[in-house]
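S.K.: To start, I am sharing the structure in question, which I have written as structure tokens.
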Amino acid sequence: MQSDKIWFDGELIDYADAKVHVLTHALHYGSGVFEGIRAYETDQGTGVFHLTDHLNRLKRSAAQYYMEISYSTETLAAAVHETIKVNNLPSCYIRPLVFRGAGEMGVNPLNCPVHTMIAVWRWGAYLGDEAIENGIRCMISSWRRIGPNMIPATAKASGQYLNSQLAKMEALKHGYDEAILLNEAGLIADGSGENVFAVMYGKLYTPPISASCLPGITRHAVMEMAATIGIETVEHDLTRAELYFADEVFLTGTAAEVTPVASLDDHHIGTGPITKQIQKMFFDTVHGRHELSKTYLEFPS
Ligand code: PMP
């Protein structure tokens, strides 16, 4: 996670100086919104995957919590490119965070200042290279995913990740790699940090956003990529048993990229040809080797 510089409220400062007060509102009440973005090395330089879409989601997440970001999307995009450049990273993970700072204690966040920071660091495959190749072992979590009238999943807020952490810890403590959460209705929602896809009848199936999924940028990209090779995606509610017996299941996310699910609750699924095809297209695109790279990767102007 260490880098030379962090962008903090408009300035690039040393990594060691990027500190906050212990009475920071977000530390106590989870009042932050953030993004996870990746930059990839290509022949044309370092390209950031769907940077504008990520920053637009950040703005929407902030608006959900009445936080005003003091910077335009263009300024933040330039700041992302600048932070990557100054840290000399050909590829990296990018973490913008907008959070309520120290001002007033108590649940009401409205009198606390809003800070913005952007950190970057080197990060390989989130679940490991082996996971990308052969898939991971997942379990259905006993924790339910946050519901639309509890904490909206459409905003990517810091506090909601307590829900993901409970599910992730439970999975790891039971010897699995990742958790898939059901929503309040008992239908498939998301992984702890990924969207879920199943391959059935030669089509992709993924839960609709109303199932309490995060509107994943990778999810949307995969749906578009699949369409270009004639594979339709159906947004439809899925049950856990449908996943057990699907032809293929995979997870998508900025960190997880496209990761096959080898088994779910010890039901063998294994990886298959459609997942492999989508994975190849995804990696070709992010590394600048595909027609879609031109529109999916953003470079400094
Ligand atoms: N669902 C959850 C709960 C997540 O945390 C993430 C990661 N942001 C995703 C899905 C995937 O979203 P994206 O493709 O935008 O990274």
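S.K.: When you go through (1) surrounded by 15 or more Cβ atoms within 10 Å (Cβ to Cβ); (2) within 13 Å of the ligand (Cβ to nearest atom); (3) touching a residue at least 60 places away in the same chain (Cβ under 8 Å) one by one for residue 24, which number turns out not to apply?
M.R.: Condition not satisfied by residue 24: (2).
S.K.: Could you list, in sequence order, all residues of the stretch 136-179 that are within 20 Å of residue 237 (Cα to Cα) and part of a strand (DSSP E or B)?
M.R.: 138, 139, 140, 141, 142, 143, 144, 179
S.K.: Hey, can you tell me all the residues within the stretch 88-132 that are of a type in the set (S, T, N, Q) and either buried (at least 17 other Cβ atoms within 10 Å of the Cβ) or in contact (Cβ under 8 Å) with a residue 12 or more places away in the chain (or both)?
M.R.: Kept after step one, since they are of a type in the set (S, T, N, Q), are these residues of the stretch 88-132: 88, 91, 108, 111, 116.
Matches in the stretch 88-132: 88, 91, 116.
S.K.: Could you look through the stretch 61-74, keep only residues that are surrounded by 14 or more Cβ atoms within 10 Å (Cβ to Cβ) and not in a loop (DSSP other than H, G, I, E, B), and pick out the one that is nearest to the chain's Cα centre (by Cα)?
M.R.: Taking the candidates together, the pick is 61.
S.K.: Are any of the residues in the stretch 219-229 surrounded by fewer than 22 Cβ atoms within 10 Å (Cβ to Cβ) and in contact with a Pro (Cβ under 8 Å, 6 or more places away or on another chain)?
M.R.: Scanning the stretch 219-229, I find no residue that is surrounded by fewer than 22 Cβ atoms within 10 Å (Cβ to Cβ) and in contact with a Pro (Cβ under 8 Å, 6 or more places away or on another chain), so the answer is no.
S.K.: Quick test of your reading of the structure: residue 243 fulfils all but one of (1) closer than 28 Å to residue 123 by Cβ; (2) away from the ligand (no atom under 11 Å from the Cβ); (3) aliphatic (A, V, I, L, M); (4) not in a helix (DSSP H, G or I). Name the failing condition by number.
M.R.: (4)
S.K.: Which condition number in (1) farther than 23 Å from residue 1 by Cα; (2) touching a helix residue (DSSP H, G or I) at 6+ places or on another chain (Cβ under 7 Å); (3) touching a residue at least 40 places away in the same chain (Cβ under 8 Å) is the one that residue 73 fails?
M.R.: Residue 73 satisfies every listed condition except (3).
S.K.: Quick one: in the stretch 136-177, which of the residues that are touching a Leu at 6+ places or on another chain (Cβ under 7 Å) and under 23 Å from residue 33 (Cα atoms) is surrounded by the most Cβ atoms within 10 Å (Cβ to Cβ)?
M.R.: It comes out as 145.
S.K.: Any residue in the stretch 211-220 that is within 11 Å of the ligand (Cβ to nearest atom) and charged (D, E, K, R)?
M.R.: Looking through the stretch 211-220, at least one residue is within 11 Å of the ligand (Cβ to nearest atom) and charged (D, E, K, R).
S.K.: For residue 235, all conditions in the list (1) closer than 25 Å to residue 184 by Cα; (2) touching a Phe, Trp or Tyr at 6+ places or on another chain (Cβ under 7 Å) hold save one; what is the number of the exception?
M.R.: For residue 235, the exception is condition (2).
S.K.: Being farther than 20 Å from residue 152 by Cα and part of a helix (DSSP H, G or I) is the filter here, so list the residues in the stretch 28-54 that pass it.
M.R.: 51, 52
S.K.: Which of the numbered conditions does residue 260 fail, given that it passes all the others? Conditions: (1) over 24 Å from residue 123 (Cα atoms); (2) modelled with pLDDT of 95 or more.
M.R.: The failed condition is (1).
S.K.: Return the residues of the stretch 270-301 that are touching a residue at least 40 places away in the same chain (Cβ under 8 Å) and in a helix (DSSP H, G or I); say none if nothing qualifies.
M.R.: 274, 275, 277, 278, 279, 281, 282, 285, 286, 293, 296
S.K.: List the number of the failed condition for residue 133; all other conditions in (1) under 19 Å from the mean Cα position of the chain (by Cα); (2) assigned to a helix (DSSP H, G or I); (3) at pLDDT below 95 hold.
M.R.: Going through the list (1) under 19 Å from the mean Cα position of the chain (by Cα); (2) assigned to a helix (DSSP H, G or I); (3) at pLDDT below 95, residue 133 breaks only (1).
The values are calculated or read from the model by the stated rules, or taken from the named source; none is laboratory data. All figures in this text were calculated on a predicted structure; none of them were measured in a lab. Neighbour counts run over all protein chains shown; Cβ positions are idealised from the backbone, glycine included.
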